[in-house]
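Participant: Structure below; questions to follow.
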Amino acid sequence: MTFHVVIPARYASTRLPGKPLLDIGGRPMVQRVVEQACASGADRVIVATDDTRIAAAVRDPRGRQHAIAVMTEPDLPSGTDRVAAVATRLGWDEGTVVVNVQGDEPFMPPALMEQVAELLMGDGPAGIATLATPIESLGEFLDPNVVKVVTADDGAALYFSRAPIPWTRDGVQEGAGPREFGGAMRHVGIYAYRVGTLRRITRLPPSGLELRERLEQLRALQNGLRIVVGACRVPPGPGVDTEADLERARGRASGQGRSSSGENA
């Protein structure tokens, strides 16, 4: 199984300026993402960045000699556009499978990178694959920052939403909120694309649903592209969006440093 991993990493961040370079356990956050990706079966791992400081901070721990950072235009609108720019710059053909791992996911398990690539390769009609994991609390189900996904019986995504879906009508009492969320799935933001599909998506204008929900994957769905969704084989690690997330990540890294189990366990 041959696939590449591209890690989009922008320096600018509203909540955490310079986020990719923030220290977690003695290493920049983005370097931890690189190390996780290099522990997967990826043939190449690339950091797509608009900042020379990020490019200088990353290295391939496997000791390979090719460049690991690719500079992209600073005005690209999304991480997906950065991944597409890398595919074009490196001349990857339309059938190449590339996994998009966000630069703020320092604990994304390598097994999930392999799983999402394998999922796409096993589904000929799909242009995109992604993952989901069960929602574990009512608070998570109601949180608009937690993206939910519902699928068809064959695993194809039907819809992604910040709203609580699927809504159990009979689980809502009059004058009160829902109490039932069994079977609801949280979308995990890791994607595998065929490069041809990636290029097609980035040439399309933002869709109405995408703009309304602020969910980029809805552009693909609204234009009739098949997204296949798999259930995570292992728990996804926590991402870093806020100062509180950063402190938790540092605590986790410190605990791993004292553990004999290793970071990728």
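The values are calculated or read from the model by the stated rules, or taken from the named source; none is laboratory data. Please read all numbers here as calculations on a predicted model, not as lab measurements. All Cβ positions, glycine included, derive from the backbone under ideal geometry; neighbour counts span all protein chains shown. Note: areas computed on protein heavy atoms with side chains; ligands, DNA, RNA excluded. Shrake-Rupley method; radii C 1.70, N 1.55, O 1.52, S 1.80 Å.
Participant: Go through segment 198-216 and count every residue that is open to solvent by 20 Å² or more (accessible area, probe 1.4 Å) and among the polar types (S, T, N, Q).
Facilitator: 1
Participant: Let me ask something additional. Going by what's in this entry, would residue 135 be described as touching a helix residue (DSSP H, G or I) at 6+ places or on another chain (Cβ under 6 Å), without any contact (Cβ under 8 Å) to a residue 60 or more places away in the chain and either open to solvent by less than 40 Å² (accessible area, probe 1.4 Å) or of a type in the set (Asp, Glu) (or both)? Walk me through it before giving the result.
Facilitator: Numbers: touching a helix residue (DSSP H, G or I) at 6+ places or on another chain (Cβ under 6 Å): yes; without any contact (Cβ under 8 Å) to a residue 60 or more places away in the chain: yes; either open to solvent by less than 40 Å² (accessible area, probe 1.4 Å) or of a type in the set (Asp, Glu) (or both): yes.
Answer is yes for this residue.
Participant: Which members of segment 220-235 meet the condition of being open to solvent by less than 30 Å² (accessible area, probe 1.4 Å) and either more than 20 Å from residue 122 (Cβ to Cβ) or touching a Gly at 6+ places or on another chain (Cβ under 7 Å) (or both)?
Facilitator: To start, the set of residues in segment 220-235 that are open to solvent by less than 30 Å² (accessible area, probe 1.4 Å) comprises 220, 225, 227-230, 232.
Residues satisfying the conditions are 225, 228, 229, 230.
Participant: Another question, then. Which residue pairs have Cβ atoms under 8 Å apart, sit 6 or more places apart or on different chains, and have a first residue in segment 156-169 that is more than 30 Å from residue 124 (Cβ to Cβ) and a second that is among the β-branched types (Val, Ile, Thr) and not in a strand (DSSP E or B)?
Facilitator: So the pair list comes out as 162/146; 162/147.
Participant: Within segment 84-94, how many residues are in contact with a helix residue (DSSP H, G or I) (Cβ under 7 Å, 6 or more places away or on another chain) and either surrounded by fewer than 22 Cβ atoms within 10 Å (Cβ to Cβ) or more than 22 Å from residue 189 (Cα to Cα) (or both)? Spell out the reasoning first.
Facilitator: Quick first cut of segment 84-94, residues in contact with a helix residue (DSSP H, G or I) (Cβ under 7 Å, 6 or more places away or on another chain) only: 84, 87, 92-94.
Now narrow it down to the ones that are either surrounded by fewer than 22 Cβ atoms within 10 Å (Cβ to Cβ) or more than 22 Å from residue 189 (Cα to Cα) (or both): 92-94.
Going through segment 84-94 one residue at a time, the tally reaches 3.
Participant: Answer with yes or no whether residue 151 is surrounded by fewer than 19 Cβ atoms within 10 Å (Cβ to Cβ), at pLDDT 95 or above and in contact with a helix residue (DSSP H, G or I) (Cβ under 9 Å, 6 or more places away or on another chain).
Facilitator: On the way: surrounded by fewer than 19 Cβ atoms within 10 Å (Cβ to Cβ): yes; at pLDDT 95 or above: yes; in contact with a helix residue (DSSP H, G or I) (Cβ under 9 Å, 6 or more places away or on another chain): no.
Taking the combined requirement at face value, the residue does not satisfy it.
Participant: In segment 33-83, which residues are of a type in the set (Gly, Ala, Ser), open to solvent by 10 Å² or more (accessible area, probe 1.4 Å) and farther than 13 Å from residue 113 by Cβ?
Facilitator: 55, 56, 57, 63, 67, 69, 78, 79 - these are the residues of segment 33-83 that are of a type in the set (Gly, Ala, Ser), open to solvent by 10 Å² or more (accessible area, probe 1.4 Å) and farther than 13 Å from residue 113 by Cβ.
Participant: So in segment 1-26, with the set limited to residues that are buried (at least 16 other Cβ atoms within 10 Å of the Cβ) and basic (Lys, Arg), which one is farthest from residue 251 (Cα to Cα)?
Facilitator: First, pick out the residues of segment 1-26 that are buried (at least 16 other Cβ atoms within 10 Å of the Cβ): 3-11, 16, 19-22, 24-25.
Remaining after also requiring basic (Lys, Arg): 10, 19.
Values: 10: 24, 19: 17 Å.
By that ranking, first place goes to 10.
Participant: Here is a further query. Mind listing whichever residues of segment 95-121 are under 13 Å from residue 229 (Cβ atoms) and open to solvent by 10 Å² or more (accessible area, probe 1.4 Å)?
Facilitator: Hits for segment 95-121 are 115, 119.
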